[in-house]
1. Let a ≥ b ≥ c be the square roots of the eigenvalues of the Cα gyration tensor of the range 28-168; is it rounded (a/c under 1.5), or, if not, prolate (a/b larger than b/c) or oblate?
2. Can you tally the net charge around Val147? Count Lys and Arg as +1, Asp and Glu as -1, for every other residue whose Cβ sits under 12 Å from the Cβ of Val147.
3. Contour minus end-to-end for Asn148 and Arg69, with contour as 0.36 nm per residue of separation and end-to-end as the Cα-Cα distance?
4. Got a sec? How would Leu41, Leu151 order by Cβ neighbour count within 10 Å, fewest to most?
5. Please compute the modelled spin-label separation between Val126 and Asp50, points set 7 Å along Cα→Cβ, answer in nm with one decimal.
6. Compute the distance in nm between two label points, each set 7 Å from the Cα along the Cα-to-Cβ direction, one at Ala137 and one at Ala84.
7. Within the set of other residues whose C-beta is less than 15 Å from the C-beta of Pro97, count the net charge using Lys and Arg as +1 and Asp and Glu as -1.
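Every read-out reported here was derived from the displayed coordinates using simple, explicitly stated rules and does not represent laboratory data. Keep in mind the model is a prediction, meaning the values are calculated, not measured. A quick note on method: Cβ atoms are made from the backbone with ideal geometry, for glycine too, and the neighbour counts reach across all protein chains shown.
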Amino acid sequence: MTLAAARSDAPGAPAPGASRRAARTAKPPRRRARELALQGLYEWLLARSDAGAIDAHMREMDGFGKCDRAHFDALLHGTIAQAATLDTLLARHLDRPTAQLSPIEHALLLIGAYELVHCVDVPYRVVINEAVELAKAFGGTDGHRYVNGVLDKAAAELRPAEAGTRAP
């Protein structure tokens with residue numbers, strides 16, 4: 001047995017190739033920011049807690065140090081501050097009132113709309129894809145399809161040149 005094989009058999013030693021797998025599955029800082037903002041918005045939608053208290057709670061979460069803090073701040077605080085405006089924008093593309101959306105779908109739609117309006121450095125397809133991936137991870141069975149459809153319509157309105165469509 002080689003030394004490398006002996007080391008890989010040692011208790012607690014990573015399996016061969018584990019560091020490569022970990023690198024592939026590590027969440028990018030902006031995805032972590034979106035995930036934490038989603039959790040904060042979920043709390044805000046359910047309890048209407050103070051944004052500062054939610055922010056402090058999120059900063060204590062595991063993995064916060066690995067997120068894009070500036071993007072997290074923009075998403076959490078910007079979305080809460082502009083929730084009414086964003087809901088009005090989204091209402092044009094919804095098939096039901098926002099009160100009937102699941103809190104996860106509502107939070108993801110708010111984040112997606114915020115990014116479409118304010119984060120023009122993020123391509124609209126990335127905004128939609130990130131929201132869909134979070135919906136798959138945290139939402140209901142077909143929630144990701146609903147989020148995709150609504151944000152696709154919102155992107156056509158908010159970024160017509162980028163989405164290759166005309167604004168309605």
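1. On the way: a/c = 1.65, a/b = 1.38, b/c = 1.19.
Because a/c hits 1.5 or more and a/b exceeds b/c, the range 28-168 counts as prolate.
2. On the way: positive: Lys136, Arg145, Lys153; negative: Glu105, Glu130, Glu133, Asp142, Asp152.
Net of charged neighbours comes to -2.
3. Values: separation 79, 0.36 × 79 = 28.44 nm, distance 2.54 nm.
Taking 0.36 nm per residue and subtracting the Cα distance, the gain is 25.9 nm.
4. Numbers: Leu41 25, Leu151 28.
Fewest-to-most Cβ neighbours within 10 Å comes out as Leu41, Leu151.
5. 3.5
6. The answer from the label model is 3.2 nm.
7. Numbers: positive: Arg92, Arg96; negative: Asp87, Asp95, Glu105.
Local net charge: -1.
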